[in-house]
Amino acid sequence: MNKIWLYLEDGTFIEAKSFGFEGTKTGEIVFNTSMSGYQEIMSDPSYAGQFVVFTMPEIGNVGCNANDMESKTVYSAGAIVRNYQKRYSNFRAETSFGDFLKEHQSLGICDIDTRFLTKLIRDNGPQMMIASTEISDKALLKERLANSPRIEEVNYIKEVSTKEPYEHTSGSWDPINQCYKEALPLGKKIVVLDFGVKRNILNELRQTGLAVEVIPYDFDVDALIARYQAKEIDGVFLSNGPGDPLILTEEAAKIQKLIAAKVPMFAICLGHQLLSIAHGHKTYKLKFGQHGGNHPVSNQATKKVEITAQNHNYNVPDSICDIATVTHINLFDQTIEGVKYNDEPIFSVQHHPEASPGPHDSKYIFEEFAKML
């Protein structure tokens, strides 16, 4: 393994080992508490522009395979782990995690105190950092980082969204037969606004029997409304995605038009945040975000606690209660996790009910969307 050097904007300078793509990348550093699913995390488009610190100390044990991809490539700047296991052991594995990162041009950083980094983020919040196998000089790294755009200044959905519309046909994963299920017969049809959608979200939507059409982020909103009014489609799904939702002013304006046209909508993560902004309630940045597969959420209707998967740095404000009913509350910090808008066929959640791998306590939400249509 070659050496790699990290510089954080607070002045932290660390030497570590490289096991992935070699080069220089900048991004925001966050930590993830998931015990498994490193491939799904790294291929989640919502991590575009971010370095992911894994609190699970052993990473790489089960290798990687094509079926576990959440998108076509890796958009994350890199993975930061305590111990990297090059020798993987799993009957589904096709390649090592290191080779996977090399193929998708994402940095792999190991032999580093991830507990220290996690505490640093938890105490001081996420910050920008640079990592390089090419530059070892602290001053040069500091200068390169200072001249790089911050995550809140970049519209990453232009990079992660599909370029052309397409129909999604596969259902959810069948672990017994090791294949994607044959989805239920087609019923209602929805359009997915792709801001960086995860494949397993599409699988779960399709598994409910919905016909699923995915379209780019820069869609024609008037044409979409006309399709709904002509009964060509029955509703719209707003996907997850990366970056600061407040910079997506054009997208929020289009969503306002969909709201005014009374189009039924369901949203997850970034889509949930964009709905709030479109309703006039601006999002805010959490101290260190919520990233992991083990976050307890209270369902306000059933009073049950659902263990959920999370991946976000931004949240909707408490003022959303003026126009919506809160359906879910995060039990770690009491932040809003889900809302149903009053007198509108619209609801959304902040967490990820499709979690793969991860808890499946919230999968019923996809069925609720299908029933609403």
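Just one of (1) within 24 Å of N83 (Cβ to Cβ); (2) in contact with a strand residue (DSSP E or B) (Cβ under 9 Å, 6 or more places away or on another chain); (3) in contact (Cβ under 8 Å) with a residue 24 or more places away in the chain fails for L141. It is (1). Among (1) under 22 Å from the mean Cα position of the chain (by Cα); (2) not in a loop (DSSP other than H, G, I, E, B), which single condition is M35 missing? (2) is the only condition that M35 fails. One residue stands out in the stretch 246-270 among those that are in contact (Cβ under 8 Å) with a residue 24 or more places away in the chain and more than 23 Å from K198 (Cα to Cα): the one that is surrounded by the most Cβ atoms within 10 Å (Cβ to Cβ), namely I259. Where strands (runs of 3 or more DSSP E) fall wholly inside the stretch 299-373, the ranges with 1 or more residues that are surrounded by fewer than 16 Cβ atoms within 10 Å (Cβ to Cβ) are 305-315, 324-330.
Listed here are the residues, each with its yes/no results for (1) crowded, with 20+ Cβ neighbours inside 10 Å; (2) outside any helix (DSSP H, G or I); (3) basic (K, R); (4) touching a residue at least 60 places away in the same chain (Cβ under 8 Å).
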position: I29; (1), (2), (3), (4): yes, yes, no, yes
position: S46; (1), (2), (3), (4): yes, no, no, yes
position: V52; (1), (2), (3), (4): yes, yes, no, yes
position: V62; (1), (2), (3), (4): no, yes, no, no
position: E70; (1), (2), (3), (4): yes, yes, no, yes
position: Y75; (1), (2), (3), (4): yes, yes, no, yes
position: A79; (1), (2), (3), (4): yes, yes, no, no
position: L117; (1), (2), (3), (4): yes, no, no, yes
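Among the residues of the stretch 181-238, those identified as among the aromatic types (F, W, Y) and surrounded by fewer than 20 Cβ atoms within 10 Å (Cβ to Cβ) are F219, Y228. Scanning the stretch 218-273 for residues that are closer than 28 Å to Y364 by Cβ and either in contact with a Cys (Cβ under 6 Å, 6 or more places away or on another chain) or of a type in the set (G, A, S) (or both) returns G235, S239, N240, G241, A261, A267, G271.
Here is a yes/no grid of residues against (1) within 15 Å of the chain's Cα centre (by Cα); (2) within 20 Å of V74 (Cβ to Cβ); (3) in the same structural domain as S356 (by TED's automatic domain parsing); (4) in a strand (DSSP E or B):
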| position | (1), (2), (3), (4) |
| --- | --- |
| K163 | no, yes, yes, no |
| G171 | no, no, yes, no |
| N177 | no, no, yes, no |
| L184 | no, no, yes, no |
| G187 | no, no, yes, no |
| V191 | no, no, yes, yes |
| F195 | yes, yes, yes, no |
| N200 | yes, yes, yes, no |
| E204 | no, no, yes, no |
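All conditions in (1) under 28 Å from T249 (Cβ atoms); (2) assigned to a loop (DSSP other than H, G, I, E, B) hold for E159, with the sole exception of (2). Residues in the stretch 225-241 that are of a type outside the set (F, W, Y) and either closer than 13 Å to V212 by Cβ or part of a loop (DSSP other than H, G, I, E, B) (or both): A230, K231, E232, I233, D234, G235, V236, S239, N240, G241. Among residues of the stretch 271-294 being crowded, with 23+ Cβ neighbours inside 10 Å and of a type outside the set (A, V, I, L, M, F, W, C), the one that is modelled with the lowest pLDDT is G293. Restricting the first member to the stretch 312-330 and to residues that are farther than 18 Å from I365 by Cβ, and the second to residues that are assigned to a loop (DSSP other than H, G, I, E, B) and modelled with pLDDT under 95, the beta-carbon pairs closer than 7 Å and six or more apart or on different chains are N313/P126. For the stretch 89-128, the set of residues classified as touching a strand residue (DSSP E or B) at 6+ places or on another chain (Cβ under 8 Å) and aromatic (F, W, Y) consists of F97, F100, listed by residue number. In the set (1) touching a residue at least 12 places away in the same chain (Cβ under 8 Å); (2) surrounded by fewer than 14 Cβ atoms within 10 Å (Cβ to Cβ); (3) in the same structural domain as E368 (by TED's automatic domain parsing), E134 fails one condition alone, (3). Would you confirm, using the coordinates I've provided, whether T114 is over 22 Å from the mean Cα position of the chain (by Cα), β-branched (V, I, T) and farther than 25 Å from G241 by Cα? It is false that T114 is over 22 Å from the mean Cα position of the chain (by Cα), β-branched (V, I, T) and farther than 25 Å from G241 by Cα.
Conditions tested, residue by residue: (1) under 16 Å from the mean Cα position of the chain (by Cα); (2) under 21 Å from N313 (Cα atoms).
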{"site": "A226", "(1), (2)": "no, no"}
{"site": "Q229", "(1), (2)": "no, no"}
{"site": "E232", "(1), (2)": "no, no"}
{"site": "L238", "(1), (2)": "yes, yes"}
{"site": "G243", "(1), (2)": "yes, yes"}
{"site": "G271", "(1), (2)": "yes, yes"}
{"site": "A278", "(1), (2)": "no, yes"}
{"site": "K282", "(1), (2)": "no, yes"}
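Residues in the stretch 81-99 that are outside any loop (DSSP other than H, G, I, E, B) and closer than 21 Å to T33 by Cα: N83, Y84, F97, G98. Once the stretch 81-108 is narrowed to residues that are small (G, A, S) and surrounded by 15 or more Cβ atoms within 10 Å (Cβ to Cβ), the residue that is nearest to the chain's Cα centre (by Cα) is S106.
The values are calculated or read from the model by the stated rules, or taken from the named source; none is laboratory data. This is a predicted model, so every value here is computed, not measured. Every residue, glycine as well, gets a Cβ built from its backbone with ideal geometry; the counts of neighbours run over all protein chains shown.
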